[in-house]
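Engineer: Next up is a structure, given as structure tokens.
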Amino acid sequence: MSTHVSGPRTRMRPERRAPRVFYLMVLPALALFAVFHTVPLLTGMFFSLTNYAGYGEWSFVGLRNYVNLFGDDRIYGAYGFTFLFAIVSTVAVNIIALSIAIALNGRIRFKTGFRGIFFIPNILSILIVGYVFNYLFSNSVPAIADALGITSLTTSILASADTAWIGVVILSVWQAAAFNIIIYLAGLQTIPTELYEAAALDGASPWKQFTSITFPMIGAFFTINMVLSLKNFLQVFDQIVSLTAGGPGTSTESISLLIYRGGFQGGEYGYQTANAVIYLFVIIAISFIQLRVLQRREASF
Amino acid sequence: MTATSHSAERRVVADRPVADADRPFRPDRRRVNWWLTALVAVCALTVLIPLYLTVVTALKTPDQLGGTGFGLPTSARWENFAEAWTLTSFPRALLNTGLVTVGTVLLTLVTNSMVAYAIARNMHRRFFKGLYFYFIAALFVPFPIIMLPVVKQTAILGLDNQLGLILLYTVYGLSFNIFVYVAFIRSIPLELEEAALTDGATTWTVFWRIIFPLLGPMNATVGILTCLWAWNDFMLPLVVLSDPSAQTLPLAQFIFQGQFNTNYPVAFASYLMAMAPLLVVYLFAQRWVISGVMRGSSK
């Protein structure tokens with residue numbers, strides 16, 4: 001997860017070609033990578049220009065799939081939900097993970113034990129955790145709300161098209177926070193304690209210490225977490241399958257789920273592949289914008 | 001982080017001799033902040049409550065369910081586990097997942113580190129530099145775009161099985177792993193290898209005898225992350241596997257959920273059994289897992 005390749009530069013060797021053994025080391029993996037990554041990518045792009053249903057005959061339709069995408073409400077719905085979900089989750093997960101990491105780095109007892117507990121969600125399958133959360137949201141929370149007399153929560157939040165996405169956010173943040181906490185902890189430990197000692201001598205408040213020491217010093221870790229979180233959340237799939245299956249209606253249908261459903265079950269192979277190509281460009285564009293903006297911010301400190 | 005209970009402060013200060021009196025402003029790392037500890041403990045409950053719920057539900061009878069679900073079972077019903085065991089064909093799913101995970105981790109460690117070594121030591125050559133960026137670029141390709149063609153391809157090649165999964169995980173992990181390995185290998189001084197080469201060792205033996213052992217910490221990181229991914233992944237088995245007898249643990253839960261979703265206790269027993277192997281391993285390897293992942297993130 002490094003941001004740059006560091007270390008001593010490899011020295012120029014006299015011979016122009018690398019020894020053959022180096023080619024032997026990369027060729028098997030390169031062949032597999034080409035066959036299972038690049039070929040499918042190109043095949044996908046090719047079929048996005050056809051009306052292929054996933055079976056049977058097909059013919060070229062040019063850019064018609066792409067044109068149709070822009071008039072499709074279901075696509076807009078999926079993009080709308082995915083972005084709302086991804087942005088809220090990215091912000092939430094980073095605030096929560098950073099807070100917990102700072103607390104775990106503070107003067108507390110049972111540090112290792114707590115770290116161990118907070119990392120547990122990361123080792124569990126999201127699908128299975130999703131089923132447990134489904135039970136929590138549909139049975140436990142309404143029962144508790146009932147007992148406490150909170151009428152707004154007595155029905156499951158997953159049952160309403162307006163609130164179901166919140167359930168997906170809670171599950172996803174619960175699971176993703178674990179990994180982010182570890183990364184932030186790694187970042188926090190790179191900060192020399194002398195900086196805080198000096199700041200304390202100058203009478204800087206804890207908040208001031210956070211904004212002028214902690215946050216700038218872990219800038220690279222913040223960038224990495226933001227970019228990775230958003231990229232991962234934009235691909236949300238397991239969480240939804242286990243929690244809402246896209247419902248109620250299509251209110252929590254993510255782009256990945258739509259491509260899976262339309263492409264495998266709906267006979268829309270060509271059409272959904274076009275959707276996937278657009279999705280590829282969206283993810284690349286967002287990752288690059290995010291990297292540039294965040295790295296510029298990092299540099300300005 | 002300033003709130004400190006007064007008595008705790010006094011007690012710790014009493015334990016520590018002179019240092020504090022000399023430098024009163026120095027933040028003392030050994031002074032425990034009990035308020036913060038309590039706050040962290042409360043936050044930890046958010047992790048523990050769902051786990052607790054899983055355990056108690058797995059031990060109940062259907063008529064004990066009701067209410068919040070947090071109550072303890074009046075009498076533990078261990079038969080839930082036996083039922084889940086047979087309904088999900090647990091031993092077979094466990095074997096499949098274990099096979100895929102072990103295969104993936106081994107193949108990943110061997111191939112990915114080797115590719116990274118070749119790239120890291122030849123970065124000044126156009127072919128290898130191009131290769132590096134070719135692999136890294138794949139980090140940005142979302143899985144759904146290649147999902148549909150990959151499924152067709154694996155079916156045609158007869159790889160819609162456990163072996164296919166092992167190959168796919170190894171290939172899809174390559175981008176990220178190359179990134180981590182190359183950075184690490186470039187920080188290993190060349191002199192070590194040059195000495196061995198002058199002594200007549202081949203590049204091949206240099207890699208296996210010198211570089212691979214030096215990659216220990218990186219191998220741990222990559223191995224742990226790969227293991228978690230291959231063990232828990234749901235999407236790839238869902239789309240790739242065609243034979244039900246090849247299904248992995250997450251996939252078994254998915255199919256099970258669809259067919260028997262009314263019987264919560266048996267379902268939860270099944271979830272617990274699917275979570276348990278990694279949880280047990282984690283319990284023993286905790287310290288090591290966390291330090292491994294932290295190293296991967298800070299490198």
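The values are calculated or read from the model by the stated rules, or taken from the named source; none is laboratory data. All figures in this text were calculated on a predicted structure; none of them were measured in a lab. Virtual Cβ from ideal backbone geometry, glycine too; neighbours counted across all protein chains shown.
Engineer: Looking at A:Leu294, A:Leu257, which is the one that is in contact (Cβ under 8 Å) with a residue 40 or more places away in the chain and within 25 Å of A:Ile183 (Cβ to Cβ)?
Structural biologist: A:Leu294
Engineer: Turning to a different aspect of this structure: Scan region A:167-193 for residues that are surrounded by fewer than 15 Cβ atoms within 10 Å (Cβ to Cβ) and either assigned to a helix (DSSP H, G or I) or of a type in the set (A, V, I, L, M, F, W, C) (or both) and jot them down.
Structural biologist: A:Thr193
Engineer: With the requirement that a residue be in contact with a Leu (Cβ under 9 Å, 6 or more places away or on another chain) and small (Gly, Ala, Ser), what does region A:267-301 give you?
Structural biologist: Scanning region A:267-301 gives A:Gly270, A:Ala274, A:Ala276, A:Ser287.
Engineer: Residues of region B:139-158 being facing chain A (nearest Cβ under 9 Å) and not in a helix (DSSP H, G or I), which ones?
Structural biologist: Scanning region B:139-158 gives B:Val141, B:Pro142, B:Leu157.
Engineer: Ok, one more. For A:Phe119, state whether it is at the interface with chain B (Cβ under 9 Å from one of its Cβ atoms), surrounded by fewer than 23 Cβ atoms within 10 Å (Cβ to Cβ), free of Cβ contacts under 8 Å to residues at least 24 places away in the same chain and assigned to a helix (DSSP H, G or I).
Structural biologist: no
Engineer: Right, B:Met218: part of a helix (DSSP H, G or I), in contact (Cβ under 8 Å) with a residue 40 or more places away in the chain and at the interface with chain A (Cβ under 8 Å from one of its Cβ atoms) or not?
Structural biologist: no
Engineer: Going by what's in this entry, would B:Ala276 be described as within 30 Å of A:Arg115 (Cα to Cα), within 11 Å of chain A (Cβ to nearest Cβ), at pLDDT 90 or above and surrounded by fewer than 21 Cβ atoms within 10 Å (Cβ to Cβ)?
Structural biologist: In short, yes.
Engineer: Would you please name the residue that is surrounded by the most Cβ atoms within 10 Å (Cβ to Cβ), looking only at residues in region B:99-143 that are free of Cβ contacts under 8 Å to residues at least 40 places away in the same chain and small (Gly, Ala, Ser)?
Structural biologist: The qualifying residue surrounded by the most Cβ atoms within 10 Å (Cβ to Cβ) is B:Ala118.
Engineer: Please work out which one of (1) in a helix (DSSP H, G or I); (2) farther than 29 Å from B:Val280 by Cα; (3) modelled with pLDDT under 90 is the condition A:Ala161 fails and give its number.
Structural biologist: Going through the list (1) in a helix (DSSP H, G or I); (2) farther than 29 Å from B:Val280 by Cα; (3) modelled with pLDDT under 90, A:Ala161 breaks only (1).
Engineer: Another question about this same structure. Quick check on A:Thr155: is it outside any helix (DSSP H, G or I), closer than 30 Å to A:Gly116 by Cα, of a type in the set (S, T, N, Q) and without any contact (Cβ under 8 Å) to a residue 60 or more places away in the chain?
Structural biologist: no
Engineer: State whether one or more residues within region A:210-233 are of a type in the set (D, E, K, R), farther than 21 Å from A:Glu298 by Cα and without any contact (Cβ under 8 Å) to a residue 60 or more places away in the chain.
Structural biologist: no
Engineer: Identify the residue in region B:56-98 that is charged (D, E, K, R) and farther than 15 Å from B:Pro250 by Cβ and, among all such residues, is surrounded by the most Cβ atoms within 10 Å (Cβ to Cβ).
Structural biologist: Of everything passing the filter in region B:56-98, B:Lys60 is surrounded by the most Cβ atoms within 10 Å (Cβ to Cβ).
Engineer: Looking at A:Ile100, is it within 17 Å of A:Ile183 (Cα to Cα), buried (at least 19 other Cβ atoms within 10 Å of the Cβ) and either in contact with a helix residue (DSSP H, G or I) (Cβ under 7 Å, 6 or more places away or on another chain) or charged (D, E, K, R) (or both)?
Structural biologist: Answer is yes for this residue.
Engineer: Of everything in region A:238-287, what is among the small types (Gly, Ala, Ser), assigned to a helix (DSSP H, G or I) and in contact with a helix residue (DSSP H, G or I) (Cβ under 9 Å, 6 or more places away or on another chain)? Give them in sequence order.
Structural biologist: The answer is A:Ser242, A:Ser256, A:Gly262, A:Gly263, A:Gly270, A:Ala274, A:Ala276, A:Ser287.
Engineer: Specify which of the listed residues (A:Phe137, A:Phe114) is part of a helix (DSSP H, G or I), within 8 Å of chain B (Cβ to nearest Cβ) and within 30 Å of B:Ala230 (Cβ to Cβ).
Structural biologist: A:Phe114
Engineer: Just to be sure I understand, how many residues within region A:87-97 are buried (at least 19 other Cβ atoms within 10 Å of the Cβ) and among the hydrophobic types (A, V, I, L, M, F, W, C)?
Structural biologist: Residues meeting the conditions: 2.
Engineer: Surrounded by fewer than 21 Cβ atoms within 10 Å (Cβ to Cβ), more than 23 Å from A:Ser48 (Cβ to Cβ) and of a type in the set (A, V, I, L, M), is that true of A:Leu243?
Structural biologist: The answer is no for A:Leu243.
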